[in-house]
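J.: I have a structure I would like to understand better, so I am pasting it below and will then ask my questions one at a time.
The values are calculated or read from the model by the stated rules, or taken from the named source; none is laboratory data. The structure displayed is predicted, hence computed values, not measured ones. So basically every Cβ, Gly included, is an ideal-geometry build from the backbone, and we count neighbours across all protein chains shown. Surface areas here come from the heavy atoms of the whole protein model, side chains and all, with no ligands, DNA or RNA. Shrake-Rupley method; radii C 1.70, N 1.55, O 1.52, S 1.80 Å.
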Amino acid sequence: MRNRGLRASIGAILAGAASQAMAAFSCTDAFGTRYVSERLISEGGVQCVPIQAAPALPKPPTALDVASVFGLPGSPVSAEALRRGGLALFPPPPGGGGAPPGPVPERAADYDAVVEAVAKAFGHDANLLRAIVHVESRFNPNAVSPKGAIGLMQVMPATAERMGLADAQRTLFEPEANLRTGARYLRTLLNMFEGQPELAIAAYNAGEGAVMKYGREIPPYPETQAYVQNVMAVYRSLSR
């Protein structure tokens, strides 16, 4: 699912200050999630106001910072992830002042049972689903991208309709429906690419057409290559 800019992903969360510096508006969606945007958004219940001043972070984030968000210090998380996406859930201000409005890693435990059930239904390793959700939305069921990707697995409504989900614009906000739809699509991709997870993950990010275009190889897009690396890094850590 290509070009998921506005999402609560690892790069987006830690790139908050950088994104805000380039953006002109602070926006809040219908679910209360706050993010910054380069353009005024008025559809879908999103309300935006001009940014007056961007808060400064004491230091820029590093690849190690990205890894530490997921409890993976020292893992090979690409610095390219720091530049992915346009959504920036706001980090705590310097000196404290509360947690960011996005979910914390412990929230993953809230979805253990449904992830296990969905993984079993579609023949997936549950940890692979967890890794994708972690990178896509950081387990935020209300994450939305400017292109319209929704929920835990950042599923596009058009893709959801291909997978047979009715009323996708609304239903994708339901965690189980979102997980089932994303898992069904991932199963389609794994079947298409003969069970090779890296290719299926690349297709999940960039589209199956892009993987086909480059000879059934991971496309040479920095975002997609970083995405595959990050998902596989989290997956390997969870599977230890």
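J.: Filter segment 208-230 down to the residues that are crowded, with 17+ Cβ neighbours inside 10 Å, among the charged types (D, E, K, R) and within 19 Å of ASN191 (Cα to Cα) and list them by number.
T.: Selection gives GLU208 alone.
J.: With within 16 Å of ARG187 (Cβ to Cβ) and among the aliphatic types (A, V, I, L, M) as the only criterion, which of ALA166, ALA158, ALA108, ALA126 stands out?
T.: None of the other options fit; the residue is ALA126.
J.: Kindly indicate whether ARG187 is in a loop (DSSP other than H, G, I, E, B), modelled with pLDDT of 95 or more, of a type in the set (Lys, Arg) and surrounded by fewer than 23 Cβ atoms within 10 Å (Cβ to Cβ). Write out each step before concluding.
T.: Working: in a loop (DSSP other than H, G, I, E, B): no; modelled with pLDDT of 95 or more: yes; of a type in the set (Lys, Arg): yes; surrounded by fewer than 23 Cβ atoms within 10 Å (Cβ to Cβ): yes.
For ARG187, the condition - in a loop (DSSP other than H, G, I, E, B), modelled with pLDDT of 95 or more, of a type in the set (Lys, Arg) and surrounded by fewer than 23 Cβ atoms within 10 Å (Cβ to Cβ) - is not met.
J.: Considering each residue of segment 161-181, count those that are outside any helix (DSSP H, G or I), open to solvent by less than 40 Å² (accessible area, probe 1.4 Å) and touching a Pro at 6+ places or on another chain (Cβ under 8 Å), and give that number.
T.: Residues of segment 161-181 that are outside any helix (DSSP H, G or I), as a first pass: 163-167, 172-174.
Next, only the ones that are open to solvent by less than 40 Å² (accessible area, probe 1.4 Å) stay: 163, 165, 172.
Subsequent filtering for residues that are touching a Pro at 6+ places or on another chain (Cβ under 8 Å) retains 172.
The qualifying residues number 1.
J.: Still on this model: What's the number of the condition LYS147 fails, among (1) assigned to a loop (DSSP other than H, G, I, E, B); (2) at pLDDT 95 or above?
T.: The one condition LYS147 does not meet is (2).
J.: Condition check: touching a His at 6+ places or on another chain (Cβ under 9 Å), of a type in the set (A, V, I, L, M, F, W, C), buried (at least 16 other Cβ atoms within 10 Å of the Cβ) and modelled with pLDDT of 90 or more. Does VAL133 satisfy that?
T.: On the way: touching a His at 6+ places or on another chain (Cβ under 9 Å): no; of a type in the set (A, V, I, L, M, F, W, C): yes; buried (at least 16 other Cβ atoms within 10 Å of the Cβ): yes; modelled with pLDDT of 90 or more: yes.
In short, no.
J.: If ALA158 satisfies all but one of (1) open to solvent by 10 Å² or more (accessible area, probe 1.4 Å); (2) touching a residue at least 40 places away in the same chain (Cβ under 8 Å), what's the number of the condition it fails?
T.: Going through the list (1) open to solvent by 10 Å² or more (accessible area, probe 1.4 Å); (2) touching a residue at least 40 places away in the same chain (Cβ under 8 Å), ALA158 breaks only (2).
J.: Scan segment 191-206 residue by residue and report those that are surrounded by 19 or more Cβ atoms within 10 Å (Cβ to Cβ) and either in contact (Cβ under 8 Å) with a residue 60 or more places away in the chain or polar (S, T, N, Q) (or both). So that I can check it myself, show each step before the final result.
T.: To start, the set of residues in segment 191-206 that are surrounded by 19 or more Cβ atoms within 10 Å (Cβ to Cβ) comprises 193, 197, 199-206.
Residues satisfying the conditions are PRO197, ILE201, TYR204, ASN205, ALA206.
J.: Restricting attention to segment 231-240, which residues are surrounded by fewer than 20 Cβ atoms within 10 Å (Cβ to Cβ) and within 17 Å of the chain's Cα centre (by Cα)?
T.: If we filter segment 231-240 for residues that are surrounded by fewer than 20 Cβ atoms within 10 Å (Cβ to Cβ), which is where we start, we get 232, 236-240.
If the condition is that a residue be surrounded by fewer than 20 Cβ atoms within 10 Å (Cβ to Cβ) and within 17 Å of the chain's Cα centre (by Cα), then MET232 is the only one that fits.
J.: Restricting attention to segment 20-50, report how many residues are of a type in the set (A, V, I, L, M) and either at pLDDT below 70 or more than 22 Å from LYS147 (Cβ to Cβ) (or both). Outline the logic, then answer.
T.: Initially, segment 20-50 is screened for residues of a type in the set (A, V, I, L, M), giving 21-24, 30, 36, 40-41, 46, 49.
In the following step, the residues that additionally are either at pLDDT below 70 or more than 22 Å from LYS147 (Cβ to Cβ) (or both) were identified as 21-23, 30, 49.
So the answer is 5.
J.: What tally of residues in segment 149-194 results from selecting those that are over 30 Å from GLY215 (Cα atoms), aromatic (Phe, Trp, Tyr) and touching a Leu at 6+ places or on another chain (Cβ under 9 Å)?
T.: Residues that pass the stated criteria total 0.
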